[in-house]
Amino acid sequence: MLLRFSKMHGLGNDFMVVDLVTQHFVFRPELVRQLADRNFGIGFDQLLIVEPPSSPEMDFRYRIFNADGSEVQQCGNGARCFARFVHDARLTAKATINVETKSGPIVLTLEPDGEVVVNMGPPRFEPKDLPLDKPARAEKYQVEVPLNEGSTVVEFGAVSMGNPHAVILVDDVNSELVNQLGPILENHPLFPERVNVGFMQIKNRGEVILRVYERGAGWTLACGTGACAAMVVARAWNLIDDAAQVHLPGGTLTIRWPGEGPVFMKGPATRVFEGRIPV
């Protein structure tokens, strides 16, 4: 069959988006890996799937697969592209969309300026919610990490934004140490289901510079849930105010979190092209 899809991106974090409301198909992990290949496939960080909801309170079901074929719970940049896709594809005329995800419901709002606001829900800090192999919740954790030469002790904050995040405060997000730590920490035994690793550099109380090594995708140009996680950890550590601009390699997101309740993320969602591919 010929499968219709859209190629989209949120600040360079790119996606293949497939409507499985009007089409019928089942993705196997090996096919996801093949399609994600940037030389022999379409190329993307994540595959996003639009499905009918399982409950009448929801408008759609949102599923996410990493480039390695693994299914994950949440993707913030993808959520904005999801909202833009279902609206542009005329699957809904609503400006506010209730979406079911593997980690729970989220609310997406298309703004008049073309950007999308995502209510990501409240952050979760308990180790079991990430999961994180620690006996009790703490504001900061430490772990010894082996490096090419010797080892180092890393201090991090841990939070779930529907997927697990470790956030590390650094002086320079582009340092060689950061480049080494990303892939090591993603697969560290402390994180039984692996982890997204965010490296944040505080510019001032309203701006954060961030790089994220994403679980199952590696270094990406932007990570929406990573930006939310960095905001939450920085706010909990009293490093920033209630709203901040998070500057990622692919662009800037605006994140709001007053210290409790849901986290709100605002940013663009861009359609690149439409296509059909034999599957």
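The values are calculated or read from the model by the stated rules, or taken from the named source; none is laboratory data. These numbers were taken from a predicted model, which means no experiment stands behind them. Note that we place each Cβ from the backbone using ideal geometry, even for glycine, and neighbour counts take in every protein chain shown.
Each row is one residue, and each column tells you yes or no for (1) at pLDDT 95 or above; (2) acidic (D, E).
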{"site": "C75", "(1), (2)": "no, no"}
{"site": "A79", "(1), (2)": "yes, no"}
{"site": "F85", "(1), (2)": "yes, no"}
{"site": "A93", "(1), (2)": "yes, no"}
{"site": "E100", "(1), (2)": "yes, yes"}
{"site": "S103", "(1), (2)": "no, no"}
{"site": "T109", "(1), (2)": "yes, no"}
{"site": "G121", "(1), (2)": "no, no"}
{"site": "E126", "(1), (2)": "yes, yes"}
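Out of E186, E193, E207, report the one residue that is within 22 Å of the chain's Cα centre (by Cα), acidic (D, E) and either closer than 22 Å to T252 by Cβ or not assigned by TED's automatic domain parsing to the domain that holds T252 (or both).
Result of the check over E186, E193, E207: E207.
Could you grab me the full set of residues in segment 86-141 that are without any contact (Cβ under 8 Å) to a residue 12 or more places away in the chain, within 25 Å of L169 (Cα to Cα) and basic (K, R)?
K128, the sole residue that qualifies.
Whether any residue in segment 68-78 is of a type outside the set (S, T, N, Q), buried (at least 16 other Cβ atoms within 10 Å of the Cβ) and more than 16 Å from the chain's Cα centre (by Cα) is what I want to check.
No, there is no match, as no residue in segment 68-78 is of a type outside the set (S, T, N, Q), buried (at least 16 other Cβ atoms within 10 Å of the Cβ) and more than 16 Å from the chain's Cα centre (by Cα).
Say whether the condition of being free of Cβ contacts under 8 Å to residues at least 40 places away in the same chain and in a strand (DSSP E or B) is met by at least one residue in segment 169-185.
no
Among the strands (runs of 3 or more DSSP E) lying completely within segment 73-134, list those that include at least 1 residues that are in contact with a strand residue (DSSP E or B) (Cβ under 9 Å, 6 or more places away or on another chain) and among the acidic types (D, E).
Fully inside segment 73-134 and qualifying: 96-101.
This table checks each residue for (1) of a type in the set (K, R); (2) closer than 17 Å to G226 by Cβ; (3) touching a residue at least 60 places away in the same chain (Cβ under 8 Å); (4) buried (at least 24 other Cβ atoms within 10 Å of the Cβ).
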{"position": "M8", "(1), (2), (3), (4)": "no, no, yes, yes"}
{"position": "F15", "(1), (2), (3), (4)": "no, yes, yes, yes"}
{"position": "L20", "(1), (2), (3), (4)": "no, no, no, no"}
{"position": "F25", "(1), (2), (3), (4)": "no, no, yes, no"}
{"position": "D37", "(1), (2), (3), (4)": "no, no, no, no"}
{"position": "R63", "(1), (2), (3), (4)": "yes, no, no, no"}
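Being modelled with pLDDT under 95 and surrounded by fewer than 23 Cβ atoms within 10 Å (Cβ to Cβ) is the requirement here; does P52 meet it?
Taking the combined requirement at face value, the residue does not satisfy it.
Testing F191 on (1) of a type in the set (F, W, Y); (2) touching a helix residue (DSSP H, G or I) at 6+ places or on another chain (Cβ under 7 Å); (3) buried (at least 18 other Cβ atoms within 10 Å of the Cβ), one condition comes back false. Which one is that?
(2)
Suppose we keep only residues that are of a type in the set (A, V, I, L, M) and in a strand (DSSP E or B) within segment 146-168. Which one would you say is surrounded by the fewest Cβ atoms within 10 Å (Cβ to Cβ)?
Checking each candidate, the answer is V153.
Is at least one residue of segment 129-145 surrounded by 18 or more Cβ atoms within 10 Å (Cβ to Cβ), closer than 28 Å to T254 by Cβ and touching a helix residue (DSSP H, G or I) at 6+ places or on another chain (Cβ under 8 Å)?
no
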